[in-house]
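The values are calculated or read from the model by the stated rules, or taken from the named source; none is laboratory data. These numbers were taken from a predicted model, which means no experiment stands behind them. Positions of Cβ are generated from backbone atoms using ideal geometry, with glycine treated the same way; all protein chains shown enter the neighbour counts.
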Amino acid sequence: MFQISHSKKMRSKSKKINKGITLIKKSNNLIESRYKFDIWETRFFLSVLSQIKRSDEEFEVYRIWYKDVIKSFGLKSGDSYAHLRSAAQSLMSKSFFVSYEDGDVIREKQYHILREIDYLQEGQEGKKIENHEYVDVTVEQKMKPLLLQLQKNFTAYDLQNIVKLGVYPVRVYELLKQYQSIGKRMLEVEEMKKMFEVTEQYRLFGDFYRWIVKPAIKQINKYTDLTISEVEKIKEGRRVVALRFVFHAKDEIEINKIRNALKPKPKQLPIEFKDNLKAIKQKGNNNSLIFDELYPLVQKWVSREALEMLLKDYPTGQVKKAITYTINKLKRGDNIQNVTGYIVTMAQQKELIDPIESQRNMMKAKRQRQKEREAKKAFLEQEKKKLYEELRQKENMIIEAIFMEVPDTKKRMIDLTKQSRFSHYKPELTDQENLQDPIFKAAFCNTVKKQFASRFELLGKKYEGKVKIIQATLNGL
C-alpha cells in the first residue's frame with residue numbers, strides 16, 4: 001500500500017472562527033455561475049471550502065473525513081462512505097461555467113473544479129478501514145480567483161446556516177446572501193433556470209416555482225439566518241419573468257433557537273416532573289407584580305380574590321386581553337350589566353380581538369404598506385437609474401472602440417452632429433469644448449449610435465428588457 005508522506009501539506013481540520021463559526025467564502029461570480037450538483041456533491045464541496053483559510057495564497061491538500069461530514073451536516077452514521085467517494089469522483093468531471101461580457105457579446109469561461117483525489121478503494125471491509133474513511137482533495141489551480149485571497153465581490157456565511165438545506169435552497173440562499181445589506185433582490189426566472197441547469201426540466205414557471213422556489217423559501221426560513229418575507233412575481237403580460245425577493249436577517253435569539261432545535265433532543269422527563277414544571281409555571285404567572293399591575297384597573301368590579309383566581313385559572317396574557325377589551329368597550333359606551341362576569345367570559349376566549357386595538361393595527365398595517373410601496377418605488381427607480389448608467393458606460397466603450405478602428409470617424413461624427421439644429425453647437429467654441437456641453441455630447445452619441453446601429457442593437461435589447469421589467473413593476477404600484 002502507498003503511504004502519504006508526512007511532509008505533504010494537508011489540512012484536516014475545518015477553520016474555526018469565533019463562537020464556533022465555520023466560514024464559507026465564495027466569489028460572487030462563482031455563486032452566479034452555471035452548474036448542477038447533487039446533495040452529496042454539494043456537501044463535499046462545502047466541506048472543502050470550510051478548510052480554506054483567509055490567508056491561504058495557494059491551495060493545499062484538503063482531507064475530508066467521512067465522520068466530519070456526517071457530524072457537520074447532522075446525518076445518520078449509517079450512511080455509507082461510498083457517498084463521499086462517489087461525490088468526489090463525480091466532481092472530478094464537473095465544471096463551473098462563469099459568464100462575462102466582452103463588448104457586445106456574452107462569453108462563458110469553464111473552470112474544472114478538482115485536479116486530484118485520493119480515496120479508499122472499494123471492496124474492503126473490517127475495522128481497519130475506519131481510519132482510512134477520508135478523501136484527500138487537490139483543487140484545480142485555475143479556481144484560485146474564485147476562492148482564494150478574496151478582497152471584494154465575494155460572499156461569506158456560516159456553514160451552519162445551510163447544513164439542513166437541499167441543493168437548490170443552498171443556491172437560492174447564496175444568491176440572497178449576496179444582497180443581505182440591501183434586503184431585496186430581483187432575479188430573472190430564465191437566468192435562475194440557467195444557473196441551476198434546470199431549463200429543460202422545468203420549462204413551465206409553475207413547475208419551477210413549485211419544485212425549486214417554494215421549497216427554498218420554506219427551508220431558508222426554517223433553518224438559516226435569513227427570513228424571506230415576500231416573493232413578488234414580476235410579469236410581462238401574463239408571463240412571470242422575474243421574482244423579487246424581500247428578506248431580512250434573523251436576530252441572534254431566533255438563530256440560537258434554530259441551532260438548539262437542530263441539536264439532539266434530550267430524553268423525556270417522567271410525567272411527575274412534567275406536572276411539577278407545569279405547577280411552577282402556573283405559580284409564576286400569579287406573582288405580585290402582575291397582580292399589582294392589573295388590580296387597579298378592575299378594582300371597581302373585581303375583588304382581589306376573584307382576580308387571583310382568574311390569574312390562577314387562565315394564562316396571564318389572556319387575562320390582560322380580557323381586561324383591556326372590557327375597559328375599551330365601557331369607554332365606547334357599551335352597556336355591560338355584569339362587568340365581573342364579562343371579564344371572566346372574555347378571559348376564556350383564546351383568540352380575543354380588541355376592536356380598538358384591531359382598528360389601530362389596521363391603520364398601522366396600512367401605513368406600513370404605504371411605506372413599503374414608497375420604499376419599493378424608490379428602490380426600483382434607483383435600479384432603473386443604475387441600468388441607464390451602465391448602458392451609457394457600455395455605449396461609450398463601444399463608441400471608443402469604433403473611433404480606435406477608424407481614426408477619422410470621430411471628426412466625421414462631430415461634423416454630422418453639427419448639421420442638426422438641435423445639437424446646441426456653438427461655432428465660437430472648439431469641437432472638444434462643444435463635447436463638454438451635455439446637450440451636444442448627447443446629440444453626438446445619438447449620431448454615432450444611428451450611424452453604427454448594428455453595433456448597439458444587442459446591448460440595447462438586453463437593457464431594454466431589464467428596464468421593461470422594472471417599469472412594469474412600477475406601473476403596478
When residues of region 419-461 are limited to those that are over 21 Å from GLU390 (Cβ atoms) and buried (at least 17 other Cβ atoms within 10 Å of the Cβ), the one modelled with the lowest pLDDT: SER423
Meets criteria (exposed (fewer than 14 other Cβ atoms within 10 Å of the Cβ), under 26 Å from LEU187 (Cβ atoms) and touching an Asp or Glu at 6+ places or on another chain (Cβ under 9 Å)) for ARG34: no
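Only one residue in ILE255, ILE234 is in contact with an Asp or Glu (Cβ under 6 Å, 6 or more places away or on another chain) and surrounded by 13 or more Cβ atoms within 10 Å (Cβ to Cβ). Which one?
Working: ILE234 fails: in contact with an Asp or Glu (Cβ under 6 Å, 6 or more places away or on another chain).
That would be ILE255, the only listed residue that is in contact with an Asp or Glu (Cβ under 6 Å, 6 or more places away or on another chain) and surrounded by 13 or more Cβ atoms within 10 Å (Cβ to Cβ).
Taking the conditions exactly as written (touching a helix residue (DSSP H, G or I) at 6+ places or on another chain (Cβ under 6 Å) and either surrounded by fewer than 17 Cβ atoms within 10 Å (Cβ to Cβ) or on the phi > 0 side of the Ramachandran plot (or both)), does THR155 satisfy them or not? Don't jump to the end; show me each part of the working.
Working: touching a helix residue (DSSP H, G or I) at 6+ places or on another chain (Cβ under 6 Å): yes; either surrounded by fewer than 17 Cβ atoms within 10 Å (Cβ to Cβ) or on the phi > 0 side of the Ramachandran plot (or both): no.
Considered against the rule, which asks whether it is touching a helix residue (DSSP H, G or I) at 6+ places or on another chain (Cβ under 6 Å) and either surrounded by fewer than 17 Cβ atoms within 10 Å (Cβ to Cβ) or on the phi > 0 side of the Ramachandran plot (or both), THR155 comes out as no.
Across region 102-116, what is the number of residues that are surrounded by fewer than 17 Cβ atoms within 10 Å (Cβ to Cβ) and in contact (Cβ under 8 Å) with a residue 12 or more places away in the chain?
Just the residues of region 102-116 that are surrounded by fewer than 17 Cβ atoms within 10 Å (Cβ to Cβ), to begin with: 102-103, 105-110, 112, 115-116.
When the remaining residues are screened for being in contact (Cβ under 8 Å) with a residue 12 or more places away in the chain, the result is 103, 105, 108-110, 112, 115-116.
Number of matching residues: 8.
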Filtered residue count, region 198-235, keeping only those that are touching a residue at least 60 places away in the same chain (Cβ under 8 Å) and more than 20 Å from the chain's Cα centre (by Cα): 1
Top-ranked residue in region 368-401 [being in contact with a Gly (Cβ under 9 Å, 6 or more places away or on another chain) and not hydrophobic (A, V, I, L, M, F, W, C); ranked as nearest to LYS184 (Cα to Cα)]: LYS394
